[in-house]
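The next block holds one structure in the form of C-alpha cells; read it before the comments.
No value in this document is a laboratory result; all are computed from the given coordinates. Note that this is a predicted model, so its numbers are computed, not measured. Heads up, the Cβs are rebuilt from the backbone with ideal geometry, glycines too, and the neighbour counts pull from every protein chain shown.
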Amino acid sequence: MTVFFITIFLFTFHSLFLISYSLFHLFPMFSIHLHQLAIHAYHGLYEEEKVLGNDFVIDLTVQYHPATLPVEQLEQTINYVSLYELVKKHMQVATPLLETVVSNMAIDILAQFSLSEEVYISIRKLHPPIAQFTGATGVSLSLNRKDLSL
C-alpha cells in the first residue's frame, strides 16, 4: 500500500514538474525598456519647483508574455513610442509627489497595454531643492498586473 502511494506521489510530482517546466518555456517574458528619458517638469512640493521646474530622468521597463514566437508584428508587442507618449503625458501634469506620478503611470500602462504583466518605473529628480545637497533624489515602483483588479 505504501509503495502505491509513493508511486502516485512521484507520478503526480513529476507530472506537475513537466507541466510547469513546459509552461515556463512556452511563455517567455519580454521586456521593453525606455532608458534615461530626460524630461523637464514641474513636480514638487515647493513653490520654486512649481515655477522653475526640475530635470528628471525616467527609466521604464514593461514586461509581457508574447502570444507567439517569433514576434514579427507591432501588434504582437508593446509599442515603445506609445509608452514614451504616455510617460510624457504624465510628466506634463504638475504633481507634488513623485510617488503619485509613478503610481499613476504604472496603473495607466497596465490598463492601456493589455499584454503588459509588470511595470517598473524609476524617476530621478536631478536638482532637488535641498541645501548643500549634491546628487539626485528619486522614487521607483514595481507593479504587477496581479496586484491590481484590472
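Numbers below:
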read-out	value
Charge context of L45, other residues only, Cβ under 15 angstrom, K/R +1, D/E -1	-2
FRET efficiency for Q36 and S149, using Cβ-Cβ distance with R0 set to 25 Å, rounded to 0.05	0.15
Neighbour-count ranking [beta-carbon atoms within 10 angstrom, fewest first] of Y46, Y120	Y46, Y120
Cα convex hull volume per residue for the range 29-147 (Å³)	98
Whole-number D in µm² s⁻¹ for the range 49-99, Kirkwood Cα-pair radius fed into Stokes-Einstein, 4 °C, 1.567 mPa s	95
Cut-off 19 Å (backbone N to label point 7 Å along Cα→Cβ of S114), residues of the range 26-70	30, 63-69
Additional length obtainable on full extension of the chain from K50 to F27, 0.36 nm per residue less Cα span	3.8 nm
